[in-house]
Every structure is written in structure tokens, then in C-alpha cells.
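Encoded as C-alpha cells, the structure appears first; notes follow it.
The values are calculated or read from the model by the stated rules, or taken from the named source; none is laboratory data. In this text the structure is predicted, and so the values were computed from the model without any measurement. Cβ atoms come from the backbone with ideal geometry, glycine included; neighbour counts cover every protein chain shown.
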Amino acid sequence: MENEPLINEALKSELSALYQAGDRHYHSLAHIEAMLSLAEDCRDRLHDRQAVEAAIWFHDAVYDSRAKDNEAKSADLAEQKLSGRISPERLSRIVAMINATATHQLPPLDDKKAASDAALFLDMDLAILGAEPDVFAAYEKAVRREYGWVEEPIWRAGRAAVLKSFLRRPNIYHTAEFRRRFEAQARQNMEHSLAALEAG
């Protein structure tokens with residue numbers, strides 16, 4: 001079983017359907033495809049590429065903008081679907097990566113190779129922050145649509161708090177590669193967005 005693809009065609013079809021739900025505007029199949037493309041770019045630096053790809057497929061599988069436990073439920077779904085097909089140790093690494101997307105802080109992994117993969121995975125998830133300004137603007141509009149039920153003043157305050165939390169970090173990205181590619185643009189994008197939010 002270990003040699004079979006973790007995300008086989010049946011599972012890919014099942015997960016794709018979740019990502020194509022009508023209330024998903026950013027956390028959609030396009031986001032998964034963008035991350036898979038980045039994983040392909042990083043294939044020579046990934047120690048367990050299939051595990052990272054599984055984490056990518058599952059990390060937003062459960063998404064409800066009103067909920068606070070999407071990451072935990074997505075991790076639970078991964079555990080349910082992959083349990084018995086791979087070793088418990090490998091599954092625990094996948095689950096740890098998914099749960100880490102709640103804070104985008106590195107999970108406590110003792111294995112250096114697993115920690116390196118987790119760092120790249122988390123950076124892939126945040127690559128959109130360092131996209132070109134027009135792409136970043138489209139991302140922000142899509143996220144706002146997902147939170148369409150939130151009144152504008154509350155949205156502005158909440159979104160500003162999220163942006164400030166990232167900007168306070170010494171580094172937005174965990175890896176030197178992603179810092180080189182995206183850090184400066186990400187800070188510029190978020191500072192511009194924050195100024196607009198605070199201007200009202």
C-alpha cells in the first residue's frame with residue numbers, strides 16, 4: 001500500500017468536488033492546483049513529495065468561513081481517508097502539516113526532513129501573499145466574498161488584525177527560497193492592503 005499514490009483518482013475526484021462548492025471563491029480547486037504547481041517546482045527539495053501533496057489536497061478540504069476548526073476537521077478527514085494505507089508515522093506527519101495551517105507556524109516535528117517538507121508546504125500555502133499586486137487584489141476580493149456574511153466594519157478590523165500579525169513576524173516565509181521569491185512583495189502587498197483597510 002505504501003507504494004500506491006496517496007491521492008488516487010477516486011480520492012482526487014472526491015476532494016475536487018469539495019473544493020468546487022459554490023461558497024468557495026479562494027479556497028477552491030485553483031488554490032490546490034497552484035500549490036501542486038509549487039510542489040512540482042520544489043520537487044528536488046521535497047523528501048516525501050507524496051506526503052506533501054496529500055497535505056495540499058486535504059488542508060482546506062473542510063472549509064466553512066463561520067467555523068474555527070476547519071484545519072482540525074480537514075486533518076481528521078485525511079486521517080480517516082488515509083488510515084491503514086500508510087504507516088502511522090507518515091500519516092502523523094501529514095496531519096501535523098494540515099493542522100499547522102491554522103497558524104502557519106512550523107509543527108513540532110523531530111525529523112529534520114519532515115520539518116523541511118512542512119516548511120516548504122506552509123510557504124506554498126502563503127505564496128499568494130507575495131503574488132503580483134493584481135493577483136493579490138483578486139485573492140483579497142475572493143476571500144472577502146467567502147466572508148460576505150461579515151459586516152464591513154467587523155471585516156476591516158478582523159482582516160487588519162490578520163495582516164498585522166503576519167507583518168509583525170521577522171519572516172513571513174520559513175524557507176530561504178520562498179523569502180527570496182516572495183517576502184518583499186508580500187510585505188508590500190499587505191502594507192498596501194492594511195493602509196486601505198484602515199483608511200476606511
**Report entry** Scan of region 173-191 for residues that are closer than 23 Å to Lys112 by Cα, free of Cβ contacts under 8 Å to residues at least 60 places away in the same chain and buried (at least 20 other Cβ atoms within 10 Å of the Cβ), ordered by number
**Finding:** Tyr173, Phe178
Query raised in the report: Of all residues in region 95-116, which are part of a helix (DSSP H, G or I), crowded, with 16+ Cβ neighbours inside 10 Å and free of Cβ contacts under 8 Å to residues at least 60 places away in the same chain?
Result: Val95, Ala96, Met97, Ile98, Asn99, Ala100, Ala115
Requested in this report: Please state which one of Leu163, Leu167 is under 16 Å from Tyr26 (Cβ atoms) and either under 17 Å from the mean Cα position of the chain (by Cα) or outside the structural domain of Tyr26 (by TED's automatic domain parsing) (or both).
Outcome: Leu163
Report task. Go through the residues of region 89-101 one by one and say whether even a single one is out of contact with any helix residue (DSSP H, G or I) (no Cβ under 6 Å at 6 or more places or on another chain) and either over 20 Å from Ala72 (Cα atoms) or β-branched (Val, Ile, Thr) (or both). Result -> no
**Report entry** Top-ranked residue in region 159-200 [being aliphatic (A, V, I, L, M) and touching a helix residue (DSSP H, G or I) at 6+ places or on another chain (Cβ under 6 Å); ranked as nearest to Ala100 (Cα to Cα)]
**Finding:** Ile172
Report task. Among the candidates Glu152, Glu146, single out the residue that is surrounded by fewer than 16 Cβ atoms within 10 Å (Cβ to Cβ) and either among the charged types (D, E, K, R) or under 13 Å from Glu191 (Cβ atoms) (or both). Result -> Glu152
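For (1) among the acidic types (Asp, Glu); (2) touching a Cys at 6+ places or on another chain (Cβ under 7 Å); (3) assigned by TED's automatic domain parsing to the domain that holds Met35, each residue gets a yes or a no:
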site: Arg90; (1), (2), (3): no, no, yes
site: Ala96; (1), (2), (3): no, no, yes
site: Thr103; (1), (2), (3): no, no, yes
site: Pro107; (1), (2), (3): no, no, yes
site: Ala119; (1), (2), (3): no, no, yes
site: Glu152; (1), (2), (3): yes, no, no
site: His174; (1), (2), (3): no, no, no
site: Arg181; (1), (2), (3): no, no, no
site: Asn189; (1), (2), (3): no, no, no
